[in-house]
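Engineer: Before I ask anything, let me first share the structure, which is written out below as structure tokens.
Coordinate-derived values only; no laboratory data. It should be emphasised that the depicted structure is a prediction, and the values quoted were computed from it without experimental measurement. Cβ placement follows ideal geometry from the backbone for every residue including glycine, while neighbour counts extend to all protein chains displayed.
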Amino acid sequence: MSEILRLTNISKTFPGVMALQNISFDLNEGEVHCLCGENGAGKSTLIKVLSGAYQPDEGGEIFFEGKPVILNPHLAMSLGIQTIYQEHVVFESLSVTENVFAGAEIVKRGFLQKAEMRRQTLGVLKYLKSGLSPDAIMGDLNSSGQKIVEIAKGLIFKRRAIILDEPTASLSSVEIENLLEIIETVKNSGLGIIYISHHLEEVFKIGDRVTVLRDGRKVSQHEIAGLTKTTLIKDMVGRDPSTFYRREKVPIREVVFEAREVTGNGARDISFTLRRGEIVGIAGMAGSGRSELMNVLFGSARLDFGEILINGKLVKHSHPKNAIQNKMCFITEDRQNTGLFLPQTIAQNVTIANLVNTREFVVHSRDDTRIGDKFVKQLAIKTPNSQTRVVELSGGNQQKVVLAKWFNTKGEIFIFDEPTLGIDVGSKQEIYKVMVDLLKQGKAIIMVSSDMPEVISMSDRVLVIKNGEKMAELSGDEISEENILINSIGDKTI
Amino acid sequence: MSSQPVAESKLGLRTSLFKRYETLTVLSIFAGFVVVIVVLQLFLTGGTKFPTFISPVNLLNILQQVGVPGIVAVGMTIVMISGGIDLSVGMLASLVSIITALGISKWQLGVVPSVLLGIASAVVLETIMGFIISRTKVEPFIITLGGMITFQGIALLLCSSREVIMNGELDFLKANLIQGAKDPVSHLNLIVPPYVLIFFVIALLGGLLLGYTKYGRRIYAIGTNPQAAYLAGIDVKNMKLSAYVIMGVLVGIGAVMLLARINTGIITLGQGLEIDSIAMVVIGGTALKGGKGNVVGTLIGVFFLGSIGNAMNMLRLPSEVQFVAKGLVVIIAVSAGDVSNRISGFLSRRRELRWHAEQRATKGESVESTSNPK
């Protein structure tokens, strides 16, 4: 068994963040090497270094089959390192064969050798026992089929290593089973596979070795044989205490919001209550259905079954406007695409959501400006006045504009979806302070977050979601990294 | 996500007038155009005669020509700001004129019911298209292209591919509102027909609707970012639909005005109306991708495009030249904003570099002269 890849002493710093720190990693022929770690542990950065998209900092070295290389995406490809990302970049209207050979067509005297390309594709698809046709149109295949085509491509072009980033994220259990078998076949043909997954069952099923990352550092490396899930989870938890935030507690009052058996948009049978002065954290791995649940609560996705009560009264949110009228606010995860009107001014952004609550048909720009200026001052948005266009602001200040938009609706129930995603440390603290201020005013917060220290330090209670289902409700001392992680990735039994 | 230092963004605010007031760009191009025409005309006539291009009678003449496309352009402004487009307006206007003319001369419905029937059919057809556009993900370009072809077919079927001649029943719409007024220079009769007045009223209403109402705010919001608009409680689908309904009303009114002018319902009546009105709107600074633009800009576009053909006439150039001129004006007006942005961006970068250099100099550090082009 010879070595394909070896990384030594790899670090990667971004302005203000140390994404990777002295990582060593290696991959052999015919093995599946798994990468585990929480959201933000540095897995994606490591993949990008391996695929040549990022250059490691000074001092780090990469060896390919024993020889030192400086990777760029093109070189990585030609050496035979293929990365299959979670989101596919495929030609939807072309056939499977055409997708496999896109950009590397077999040509003889200027003519495409269609039959030859089809023959090779068919051969590999058969070898993988996939049952896919080389003539199928790529866009007609589901995520699992498209993944298999990508893997087939790796075999046809005799790749050496395949990196799979969360390959099973949106697959059904039958499809996962099928994909894992295919990975097994590929592995036996001598390729090295790097496998990233949140699902420990899969890691234990197909992995040979596992490397655990945490806060950009390599914590441990194990042979899967003889390893227990408990050990693996122990390695994944235990973050640097300096990343935690000490939050002021606020007296908790009566229940303001209640979800009963909420089902729809991927969420299944979720019940919880929310009280004034309280933050309920929603934890879980990426893709566990947390944002989907929030959309159901806010009326931007359909509620198939279940009830939502606000101040004890049954409500029906068939459109976000109903939720806004019921004093709900939704600070979305992707603020640029779903929260802001980037080319418009701060004043225009701040006043738009409250139009639902106003009766007047005529609006005056000077009122908007007055309201905008008030929030610029109140939230210390770094700009001269509210006539600045939002696109010119930094991430933290843009998030404040989103907050101002909802404060202006005089909402009481706030949903924060990843409130500090992509925001620098200073602005993070300011946003936490704003959240606590809301609690002091008797408002209530539902906070979806993949940032473990954030969930633990801000929440009064934590719901853990996995595959759209509520796995646990933690409060007080139960809120620990270990408890959250066990419930969000492991089986219920461990 | 780059967090700019405060100093830089403060410098960035000192941008060109053109960048801050985009309608100013096209207004100055228009002004330049007028000056060139006037000067050329003075030059060609040997400087003896008053330039007839800016004579009151000619200006009113231009107004008469742009009145109807102008009415449609106001509707197109709303549709395009909401993120849509409507290619069907020309053929829809032809269809409305044929329905109205048939109603008056063949079906004997009476003038008012025929006019109402014509306008109502425009509203119904636009509503159908708006419904499809707002409820599906199909591009408005495609739906209204299909509408355009369909309306042409319906119109031709209705009139059996023949023109429908009336007996001047709609002449009251082209009566002169300022009977007896004379041009102080040429002593020709000045004419302001009612549809010019209607155009101004519609432009005023459209401007107020977009600029000073809740409805307007929402139209801009859905054009800028429909997803964020939806989550801010805006009924995106019905807002989109409403823009096409308004378009239907305006095309209906415009078509009746056109019919009044030529007294004949005919398939060529609305020909090119979609091209003209879209050109007027984009000259005025409305973005094809929505969320940007206003009625004032559109008005400038209307007058600008409308005066080109007239100016070519004044200069005694062959009328075919006007198409070349119109095309160039569209290209220049739309790219001017971008060009002026680039220029001001270049200037502000230079200012920034100079500012940083000064900062370093005052701190007593060594100044790299390479980064400071003077």
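Engineer: Given B:Ser88, B:Phe141, B:Leu24, which one lies farthest toward the positive end of the charge dipole of chain B, if we put +1 on the Cβ of every Lys and Arg and -1 on the Cβ of every Asp and Glu?
Structural biologist: B:Leu24
Engineer: Compute the Cα gyration tensor for the range A:1-89, then decide on rounded, prolate or oblate, letting a ≥ b ≥ c be the square roots of its eigenvalues: rounded whenever a/c is under 1.5, prolate when a/b is larger than b/c in the other cases, and oblate in all that remain. Can you show the working numbers first?
Structural biologist: Numbers: a/c = 1.39, a/b = 1.24, b/c = 1.13.
Since a/c stays below 1.5, the shape of the range A:1-89 is classed as rounded.
Engineer: How high is the relative contact order of chain A, given as a whole-number percent (alpha carbon pairs under 8 Å, six or more residues apart)?
Structural biologist: Numbers: 975 pairs, mean separation 75.3, N = 494.
Reported as a whole number, the value is 15 percent.
Engineer: Provide the convex hull volume over Cα atoms per residue for the protein assembly as shown, in Å³.
Structural biologist: It is 245 Å³ per residue.
Engineer: Based solely on C-alpha atoms, express the radius of gyration and the Dmax of the range A:3-236 in angstrom.
Structural biologist: 18.1, 60
Engineer: Something else now. Check cross-link reach from A:Lys316 to the aspartates and glutamates: straight Cα distance under 15 Å, and skip same-chain residues fewer than eight apart.
Structural biologist: A:Lys316 reaches A:Glu258, A:Glu261, A:Asp304, A:Glu307.
Engineer: Ranking A:Arg109, B:Arg350, B:Arg342 by Cβ neighbours within 10 Å, fewest first, what do you get?
Structural biologist: Ranking A:Arg109, B:Arg350, B:Arg342 by Cβ neighbours within 10 Å, fewest first, gives A:Arg109, B:Arg342, B:Arg350.
Engineer: Okay, moving on. How many times 2.2 N^0.38 Å is the alpha carbon radius of gyration of the range A:242-489? The partial results should precede the final answer.
Structural biologist: Values: Rg = 17.6 Å, N = 248, 2.2 N^0.38 = 17.9 Å.
In units of the 2.2 N^0.38 Å rule of thumb, it is 0.98.
Engineer: Follow-up. Using Cα-Cα distances under 8 Å and only pairs 6 or more residues apart, what relative contact order does the range A:242-489 have, in percent?
Structural biologist: Working: 499 pairs, mean separation 72.8, N = 248.
Relative contact order for the range A:242-489 comes out at 29 percent.
Engineer: What is chain B's relative contact order, in percent, from Cα pairs under 8 angstrom and six or more apart in sequence? Provide the component values of the computation, followed by the final result.
Structural biologist: Working: 584 pairs, mean separation 111.1, N = 374.
Computed value for chain B: 30 percent relative contact order.
Engineer: Rounded to two decimals, what is Rg over Rh for chain A when you use alpha-carbon atoms and the Kirkwood radius? List each step's numbers first, then the result.
Structural biologist: Values: Rg = 25.1 Å, Rh = 24.9 Å.
Over the Cα atoms of chain A, Rg/Rh equals 1.01.
Engineer: What 222 nm value per residue comes from the helices of chain B, counting each DSSP H run with n ≥ 4 as -39,500 (n - 2.57) and dividing by all residues, nearest 500 deg cm²/dmol?
Structural biologist: On the way: 14 runs with 257 residues, N = 374.
Helix contribution divided over all residues of chain B: -23500 deg cm²/dmol.
Engineer: Based on the alpha-carbon gyration tensor of chain B and its eigenvalue square roots a ≥ b ≥ c, which shape applies: rounded if a/c is under 1.5, prolate if not and a/b is larger than b/c, or oblate? If you can, show how the numbers build up before the last one.
Structural biologist: On the way: a/c = 2.73, a/b = 1.46, b/c = 1.87.
Cα axes put chain B in the oblate bin.
Engineer: Do the alpha carbons of any pairs in A:Lys12/A:Lys428; A:Lys377/A:Lys410; B:Lys137/B:Lys237; A:Lys129/A:Lys187; A:Lys400/A:Lys433 sit beyond 19 Å of each other, and which pairs? Mind dumping the intermediate values first?
Structural biologist: Working: A:Lys12/A:Lys428 22 Å; A:Lys377/A:Lys410 17 Å; B:Lys137/B:Lys237 11 Å; A:Lys129/A:Lys187 14 Å; A:Lys400/A:Lys433 12 Å.
Pairs exceeding the cut-off: A:Lys12/A:Lys428.
Engineer: How would you classify the range A:125-166 from its alpha-carbon gyration tensor, with a ≥ b ≥ c the square roots of the eigenvalues: rounded for a/c under 1.5, else prolate if a/b is greater than b/c, otherwise oblate? Mind dumping the intermediate values first?
Structural biologist: Values: a/c = 2.06, a/b = 1.34, b/c = 1.54.
It comes out oblate by the Cα gyration axes.
Engineer: If you count, for every residue in B:218-230, the Cβ atoms of partner chains within 10 Å of its Cβ, what is the mean?
Structural biologist: Values: counts 2, 0, 5, 7, 1, 2, 8, 11, 1, 6, 15, 5, 6.
Mean number of neighbouring Cβ atoms from other chains: 5.
Engineer: Please report the antiparallel percentage of the DSSP beta bridges confined to the range A:3-236, to the nearest 5.
Structural biologist: On the way: 24 of 42 bridges.
Percentage antiparallel, nearest 5: 55.
Engineer: Using a 10 Å cut-off on Cβ to Cβ distances, tally the other chain neighbours for every residue of A:379-387 and report the average as a whole number.
Structural biologist: Values: counts 0, 0, 0, 5, 4, 4, 0, 0, 2.
Average neighbour count from other chains, rounded to a whole number: 2.
Engineer: Calculate for chain A the 222 nm mean residue ellipticity that helices alone would give, adding -39,500 (n - 2.57) per DSSP H run of length 4 or more and normalising by residue count, nearest 500 deg cm²/dmol. Please list the in-between numbers first.
Structural biologist: On the way: 16 runs with 159 residues, N = 494.
One gets -9500 deg cm²/dmol as the mean residue ellipticity at 222 nm.
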